[in-house]
Amino acid sequence: MGEVRTRGARNEIDQNTRLRPTYFSEDDLLRKYKDLPLGIAVAASTAVPGVFHAQSLTDLYAGWTPQLVDGGVHDNQGIEGLLDNKCTHRIVSDACGQMEDDPDPSTRMISVLSRSNSVMMDRIREEMYETAALRRDTEVQVQELDFLHLRQDLEQPELTRIGREPENLEKQQVGRTISYGVDKNIQIFLSSVRTDLDSCSEVEAQALMADGYLIAKSQIKSSLARKPDPSCPLEPEGDSTKWGFCSVMSHLEDPNQDPLFCRQLEISSAIAFKVFKRFRWLRCMAVGLGMLLAVTLFWRMVFVDPNNSVGFADEIYERLHTYRALGLTAFILVLYGLLFLVPRRVRWVAMLRNLPRQLALRAGAATIAATAAWLHILVFDWLFLWQGRVARLREISPDELDSG
């Protein structure tokens, strides 16, 4: 870990302290870093700022404690770390979620902040690629650069303002299949697959692996054609037909052979409620239950005596397996009730009243969230993984898919 030495114009503008690189192979490295679990390294690599806790590195630099977060905020390609190792050939696999077009962006504060962050990260991605390409073209050390991403060879659409004649530069996509043998619509679906850390169905995983294999094979073959290397074969060695993702390769080229495949990839960009988008009957059930709950609550608030309880709600509440959280909620509510009896003229008690109320609200929210997470993992996540098996691609006919 550490920072590479700045080069060129960056020396003139970067005056911050540089943490010299530290390597795992150094003999005098502390034992705790020699025995660093792989999980800690992965946790540091995926520590999205504001979502996951940063990973601390202590006793490496005197008076300094680096806090590691997701490297995407600085170098989302991982290219900078290769400079000091004098790598001559680089194959960069860009798996980051690229910024999507938004024809009508929202002006709400949260939306503006989120979109601005996406623009910034997209700019960092482009700058890192341009820097790598510049080094390939100007430095002797870097002889070859292959940059692979999930929008490989997809043509960039262009728009002309209203009232102006379209220019000849505007691109029109011709044909359905890209140069490496993948249908364009399928490639668009794959480029939009979510990158958050939730469950990934077998169809999604196999399709991404097969797509990455085809892109890499095509890109590296083109590089070898430009700069022949007798020691490197043009075709991958070994029997690639034995790999599991080969079972979906034909679907990448011709998605019409199984509508279930397209339907699965089409919903892969969704962050939540993917399984509801997959099954119509599940959507209808959710809407029905929601309407039933709304009618029940309305009936209770308007027509039912507040002193009476709703029987089925009490039974569900008692059967939830979150006794500790529920007990904590009840204890805090009782504590809040007792403190409420203390005279208001006691200032410190008045301040203390707000604390249990806040704790009660947070404990109640935690109880609801834990119950929802438990239900999601046990039911909906299992259902999503079950319907996303590759084996089911040949079990469901188009007629059954339309009806389900």
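What follows draws every value from the coordinates through simple rules; no lab data is involved. All values derive from a computational prediction rather than experimental measurement. Here the Cβ positions follow ideal geometry from the backbone for every residue, glycine too, while neighbour counts run over all protein chains shown.
Things to note:
- Sorting the segments 29-40, 143-154 by their residues' average number of neighbouring beta-carbon atoms within 10 angstrom, most packed first, yields 143-154, 29-40.
- Three-way shape call for the range 177-271 based on the alpha-carbon gyration tensor, with the a/c threshold at 1.5: prolate
- Global form of the range 18-121, assessed from the alpha-carbon gyration tensor, a/c cut-off 1.5: prolate
- Contour minus Cα-Cα distance for W386 and D196 (0.36 nm per residue): 66.4 nm
- Put simply, when 103-111, 127-135, 252-260 are sorted by average Cβ atoms within 10 angstrom per residue, most first, you get 252-260, 127-135, 103-111.
- Cβ charges +1 (Lys, Arg) and -1 (Asp, Glu), total dipole of the range 177-271, debye: 380 debye
- Pairs from K184/K242; K34/K227; K184/K217; K34/K221 whose Cα-Cα separation, in the structure shown, is over 29 Å: K34/K227; K34/K221
- Net charge of Cβ neighbours under 13 Å - reference D198; Lys, Arg +1; Asp, Glu -1: -1
- A rounded overall shape is assigned to the range 68-205, the ratio a/c of its alpha-carbon gyration tensor axes (a ≥ b ≥ c) being less than 1.5.
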